[in-house]
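The values are calculated or read from the model by the stated rules, or taken from the named source; none is laboratory data. Quick caveat: nothing in here was measured; it's all calculated off a predicted structure. Neighbour counts run over all protein chains shown; Cβ positions are idealised from the backbone, glycine included. Accessible surface is based on the protein model in full, side chains and every heavy atom, while ligands, DNA and RNA are left aside. Shrake-Rupley method; radii C 1.70, N 1.55, O 1.52, S 1.80 Å.
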Amino acid sequence: MGLLELCEKYYNTTNLYEVLQITEKATEKEVKKAYHKLSLKVHPDRVNENEKLEATEKFKVLGGVHAILSDKDKRYLYDTEKTVDEDDDDVLKEKDWMFYWRLIFKKVTEESIKAYEKEYIGSDEEKKDLKNAYIAGKGDMDYIVDQVQFARSEHEPRIRGILTEMIDQGEIPAFKIFTHEPAKKRQRRHAKENFEAMEAEDLKESLGLNSGANSLELMIKQKQESRGKQMDSFLDNLATKYGGKSEGTKRKAAAKSEATGKNKRKKK
């Protein structure tokens, strides 16, 4: 199966520009940026085990697309004939795309993340990402903060301001879950974020990692995927402390009430 066929299979289009979500006028820098952004979403080292097989194939396809659109001659051939050289199809199967990716993108450090965060926050790109996440998640802030980069609790007032302005201007619908988000739901989200940050710091300290060459954000992401039921128990305790009974407590109370009712009926 050739590159264009694989694009159709995994990205529902044979248009290389559409795969990278850019236009034909995109500069070399914009091509690279788009490739980087999309490749991070399907990078085999950043997905769950059950997603690795498909993610690996998608990762290869993105590498092939970038290899063509970043090469002046190959891009000209594609632009004029909407085809790719047969040799490129062969390379797609044989090339080490992980090595290719590492050659293009320098090792991520906390310094580089902070520099990118400064550039990203308040940009048109962030607003576009917020809008897309808002619509996809139907206004659920839990979904939005999981999908949008650097959307930490400290940025929520600013994020809410951006989305509220979009609502007022009629760009996006006013979902009730956003406009009237329950306080407990917000408290639970913030507690979750704090817990993950503490876990990541503890992990860095236990492994003796320095801050220069390791991404704290990536470590938090990895811990999110493996924390399991311990996380829910911890958050239930926080919910009890800051805003009423936890869900676990409510379920126990309901079960106890039902059992009491049965005993009373038996006595009668």
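Could you tell me which of the residues 55, 34, 26 is modelled with pLDDT of 90 or more and within 19 Å of the chain's Cα centre (by Cα)?
Sole residue among the options that is modelled with pLDDT of 90 or more and within 19 Å of the chain's Cα centre (by Cα): 34.
Output the residue which, of all residues in segment 92-116 that are over 30 Å from residue 129 (Cα atoms) and loosely packed, with under 14 Cβ neighbours inside 10 Å, is modelled with the highest pLDDT.
96
Could you grab me the full set of residues in segment 54-69 that are surrounded by fewer than 24 Cβ atoms within 10 Å (Cβ to Cβ) and under 20 Å from residue 27 (Cβ atoms)?
63, 67, 68, listed by residue number.
Residues checked against (1) modelled with pLDDT of 90 or more; (2) over 17 Å from residue 172 (Cβ atoms); (3) outside any helix (DSSP H, G or I); (4) among the small types (Gly, Ala, Ser):
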position: 118; (1), (2), (3), (4): no, yes, no, no
position: 130; (1), (2), (3), (4): yes, no, no, no
position: 139; (1), (2), (3), (4): yes, no, yes, yes
position: 144; (1), (2), (3), (4): yes, no, no, no
position: 155; (1), (2), (3), (4): yes, yes, no, no
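Enumerate the pairs (first residue in segment 115-133 and touching a residue at least 12 places away in the same chain (Cβ under 8 Å) and within 23 Å of residue 178 (Cα to Cα); second residue anywhere and in a loop (DSSP other than H, G, I, E, B) and of a type in the set (D, E, K, R)) with beta-carbon separation below 9 Å, excluding pairs fewer than 6 apart on the same chain, so at least 6 apart or on different chains.
131/171
Out of contact with any Lys or Arg (no Cβ under 6 Å at 6 or more places or on another chain) and aliphatic (A, V, I, L, M), is that true of residue 47?
yes
Among the residues of segment 126-142 satisfying the criterion of being closer than 13 Å to residue 164 by Cβ and basic (Lys, Arg), which is least open to solvent (accessible area, probe 1.4 Å)?
The residue in question is 131.
Considering only residues that are without any contact (Cβ under 8 Å) to a residue 40 or more places away in the chain and aliphatic (A, V, I, L, M), look in segment 1-25 and name the one that is most open to solvent (accessible area, probe 1.4 Å).
Residue satisfying both the conditions and the ranking: 1.
Filter segment 143-159 for residues that are among the charged types (D, E, K, R) and either open to solvent by 50 Å² or more (accessible area, probe 1.4 Å) or touching an Asp or Glu at 6+ places or on another chain (Cβ under 9 Å) (or both) and give the result.
146, 152, 154, 158 - these are the residues of segment 143-159 that are among the charged types (D, E, K, R) and either open to solvent by 50 Å² or more (accessible area, probe 1.4 Å) or touching an Asp or Glu at 6+ places or on another chain (Cβ under 9 Å) (or both).
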